[in-house]
Amino acid sequence: MEALKINGVSKRFGRTQILDDISLTIQPQTIYALLGENGAGKSTLLNIINDRNFPSKGEVVLGDHEVHNHYPSLQRLYLMSDSNMYGKRTSVSGMFQLADEGYGHFDYELAHRLTKAFGVNEHARLSNLSTGLTTAAKITCALCVNADFIFLDEPMLGLDANHRNRFYRELMKTYEQRPRTFVISSHIINEIQSLVEHVFVLHDHHLIADEDVENLLNRAYTISGPADAVDQYTQAMKVLDQQTVGKIKTAYVIEKLDDQQPIPDDVTVTHMNLQQAYLALTNGEDEINE
Amino acid sequence: MNFHFDQSGPLYQQIADQLEEMIFTGIYREGEQVPSTTQLSQELHINPATVLKGMNQLVNRQLLEKRRGLGMFVAAGAQEKIMETRKEDFYHDYVQSLVAEARKLNINEAHLMNLIKRGYQNGSTED
Amino acid sequence: MNKLTVIYRQSLRRFFVSVGIVALTFAILQLLSVLMTGFTDGWRFVRLNDIVSGWFAGTWSVAVLIYGFLYLAFSYSDFKLGMQSGQTRQRIWLSEIASLATTTLLMWLVWELTAHGSFSWESAFSALLMIVCMMTMVFAIGSGFALLPRKWKIVVAIALPTIFVFLMIQLAQLMIKYFQPGHNTLVTLVNIASWQGTWIIFGLLWSAVMIGLSYVFTMHMQLRRD
């Protein structure tokens, strides 16, 4: 199956630069995380990929075709977004019907099971549901729609821990049964770390990371110990972030450690989780810019 | 089934290690079926590719075997194999660090031997 | 199943709902006026035929206005719905045109069936042309509006009619200034204006331009940030 390629996409709204020369490839049947602080341009990027916004520069290509105004391509992409795409009177079941009419072969069976599990009334209007239940209804739709590339913009917005767990489980289940691509944009990094294979990080309108989670975490280290020992050990490294509590210093680096360089006895080296790696990456980027 | 994950290394490695531990301690006996990739992936919220990678490590070490259409089963002699590997690893995993730590604490060889003896005695009374 | 129906169905439903509401309102108004006439002038002046045709005519003219107004408001919603359903802008435009054609024909049929007096193909055709002109214009304006953020919508909504009125005044002034009564040019103009072919050509051109504009506008629609 073909990959979805984003080639040199930039976006300006008036004088504000939202995205600056973003290039990335989204493979079929893979789960991605799209990370970035508010205003980094995540939603805009997703809107451009799905042809809801035009890029100021660059293009989005699926296989041999530019996605823009190309019906067979658009039929393979689905974006669940935060912005309200439905009319005021659209009900939950109406949303399912639209997805069925638009994409065909909607999985009503799964949808009914999920709305029941989430406690969503299918006859209720979307505009009358709480934030959490609206999200639950929308992710239900996204998991049941017939498309190859599913983009989920903030799919955990307002969901409580129970509902989030159910979502993760159902995502894994449907992904195993019918592998397709999911791109999850979220701030709840720790909870999606084990779900995703690959991560994109947007920061300050640029793409600063595009890497397999395993590779990234394999070379993401927390180095802590007495300040001078840590300083000495990390002398030749690019320290992305650091904290000092009393005499103990913790440095965050993302690079391959030199096997030849012995780790001092009083220094501990551990791996980071995805959230720490994300914070280190974005912080490191800020320091370069300062 | 009780998996616990930390930041000690790649997730697939932790899955492999913990499954191995479960086989070693006899939670899953030889010839018994272990949870499927699907089950583990759904219960633990882990990408199936990661789970599969961990399981394949055990398959490559012939601790698990795939039975077509049925799932993954603990291979015959798996426990024995784990025991052998662990014995091989025992020297540099435990003995070397034990001696290194003992040196730091100025514990000489005879003293260390005594301590080990004491450990064995206490251990046997506790059992 | 034809996936074009997503928006088509939506706007047809909107049409029938609005016609329904208008019809009901008129029925109530008509009933009230009948009661008024009955009580003040006596019941012998009340004729069923007049009531029904009055009701139809009233419903029809207001329904066109309401439906046009709905297009002004709903172009952007239809666009969003279409995008969420994996449609292209062309397909969204096509389904709008299809629903427009359907409702135009419906309105025309109702008009012709309820029109009193003698039927003629000529007048039926001009009525159709008139509806087409109105509906395409409303659609063009609606899709143009959909491109604008809220603030600009208000600006354009005020500016556009102002410009129209200004141009009309200018035109009238030109007429007064240059064309004296009995002057040849004026006579020619009046002749041209009174020839029906002029209006047919004008109507067709107008509709084509409006349809073209609506296409261009729809192709430029984007998700807005407001």
Spelling out what I want: for every residue of region C:16-21, take phi, set θ = phi - 60°, compute 6.51 cos²θ - 1.76 cosθ + 1.60 (Karplus), and round to whole Hz; glycine and proline get x.
5, 4, 5, 4, x, 4
Helix A:108-118 sits at what angle to the longest principal axis of chain A, using alpha carbons and giving 0 to 90 degrees rounded to 10?
60 degrees
What chymotrypsin sites (Phe, Trp or Tyr not before Pro) in region C:146-226 are in a loop by DSSP, with at most 11 other Cβ atoms within 10 Å of the Cβ?
C:Trp195
So for chain B, what are the equivalent ellipsoid semi-axes in whole Å, largest first, each being the square root of 5 times an eigenvalue of the Cα gyration tensor?
36, 17, 13
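Please average, across the residues of B:36-45, the number of beta carbons from any other chain that are within 10 Å of each residue's own beta carbon, and give a whole number.
Neighbouring Cβ atoms belonging to other protein chains average 4 per residue here.
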Can you pull the mean other chain C-beta count within 10 Å for peptide C:99-112?
0
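What is the fewest-to-most order of A:Cys144, C:Cys133 by other Cβ atoms lying within 10 Å of their Cβ? Write down the numbers at each step before the final one.
Details: A:Cys144 24, C:Cys133 18.
Going from sparsest to densest Cβ surroundings: C:Cys133, A:Cys144.
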Cβ-Cβ cut-off under 13 Å around A:Val213, Lys and Arg +1, Asp and Glu -1: the net charge is -3
Could you run the Karplus curve 6.51 cos²θ - 1.76 cosθ + 1.60 with θ = phi - 60° over region B:68-73 and give me ³J(HN,Hα) per residue in whole Hz, x for Gly and Pro?
3, x, 10, x, 9, 10
Distance from a point 7 Å along Cα→Cβ of A:Asp212 to each backbone N in region B:39-65: keep the residues under 15 Å and list them by number.
B:47-57
Return the long-range amide H neighbours of A:Leu79 (sequence gap of 5 or more, or a different chain), with a cut-off of under 5 Å between placed amide H atoms.
A:Phe151
Calc'd 3J(HN,Hα), region B:13-27, phi into Karplus 6.51 cos²θ - 1.76 cosθ + 1.60 (θ = phi - 60°), Hz, glycine/Pro = x, comes to 5, 5, 4, 4, 4, 6, 5, 4, 4, 5, 5, 4, 7, x, 4
By Cβ neighbour count within 10 Å, fewest first, A:Ile184, A:Ile208 rank A:Ile208, A:Ile184
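Just from its helices, what would the mean residue ellipticity at 222 nm be for chain C, if runs of 4 or more DSSP H residues each count -39500 (n - 2.57) and the sum is divided by every residue, rounded to the nearest 500 deg cm²/dmol?
The per-residue figure over chain C is -30000 deg cm²/dmol.
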What angle do you read, to the nearest 10 degrees and between 0 and 90, between the alpha-carbon axis of helix A:92-103 and the longest principal axis of chain A?
90 degrees
Quick one: putting +1 on the C-beta of Lys and Arg, -1 on the C-beta of Asp and Glu, what dipole do you get for region A:1-89 around its Cα centre, in Debye to the nearest 20?
420 debye
Report the GluC sites (Glu not before Pro) located in region A:17-71 that are in a DSSP loop and have at most 14 other Cβ atoms inside 10 Å of their Cβ, or state none.
A:Glu37
Cβ neighbours within 10 Å from other chains - mean over A:96-102:
6
Restricting region A:153-185 to chymotrypsin sites (Phe, Trp or Tyr not before Pro) in coil, as DSSP defines it, with at most 16 other Cβ within 10 Å:
none
Can you return the lysines within cross-link range of A:Lys5? Criterion is Cα-Cα under 20 Å, with same-chain partners fewer than 8 residues away left out.
A:Lys42, A:Lys57
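Here, each number is a calculation from the coordinates, and none is a lab measurement. Only a predicted model underlies this, so the values are computations on that prediction, with no experimental measurement involved. For neighbour counting, all protein chains shown are included, and Cβ atoms are generated from backbone atoms with ideal geometry for every residue, glycine included.
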